[in-house]
Amino acid sequence: MARINDVGGTVGFGAVDTADDPAPFHADWEARVVGLFNALRAEGLFNTNEFRDAIESMPPTEYLTTSYYERWFEAIRTLLERKGVIEPGELDD
């Protein structure tokens with residue numbers, strides 16, 4: 001079963017932008033999300049496969065309307081809730 005992230009061959013998503021972008025982050029919060037990911041993964045809270053699954057399990061509308069690092073943050077939040085580190089909805093604000 002294909003998930004929303006598997007859009008290969010799907011019409012209507014436009015061309016893929018292959019232009020080089022020298023900036024790895026476009027806002028400070030994006031770098032913090034990557035740092036959070038690295039710290040939590042290093043602590044063994046989740047692994048890369050769990051993280052990827054959390055991103056790929058996002059509802060289609062949410063997946064398609066969020067940026068790359070917003071998806072990362074949502075995946076981290078989801079995993080922390082699943083594992084009981086934070087309460088559901090604790091980071092909603």
FRET efficiency (D93, L64; Cβ distance; R0 41 Å; to 0.05) is 0.95
Compute, for the chain, the length of the dipole vector about the Cα centre, with Cβ point charges of +1 (Lys, Arg) and -1 (Asp, Glu) only. Units Debye, rounded to 20. 300
Which label in (1) 19, 40, 21, 11, 6, 2, 0; (2) 16, 34, 28, 15, 6, 0; (3) 13, 42, 34, 10, 0 gives the computed P(r) over Cα pairs in 10 Å bins from 0, in percent: (3)
Give the longest segment of the chain that steers clear of GluC sites (Glu not before Pro) in DSSP loops with at most 12 neighbouring Cβ atoms within 10 Å, not counting the sites themselves. 44-89
In the chain, once you exclude exposed chymotrypsin sites (Phe, Trp or Tyr not before Pro) (DSSP loop, at most 12 other Cβ within 10 angstrom), what's the longest stretch remaining? 26-93
Loop-located trypsin sites (Lys or Arg not before Pro) in the range 36-93, at most 16 other Cβ atoms within 10 Å (DSSP): K83
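Each reported figure results from applying straightforward, stated rules to the coordinates on display, with no laboratory input. Everything numeric in this text was worked out from a predicted model, so none of it was measured. So basically every Cβ, Gly included, is an ideal-geometry build from the backbone, and we count neighbours across all protein chains shown.
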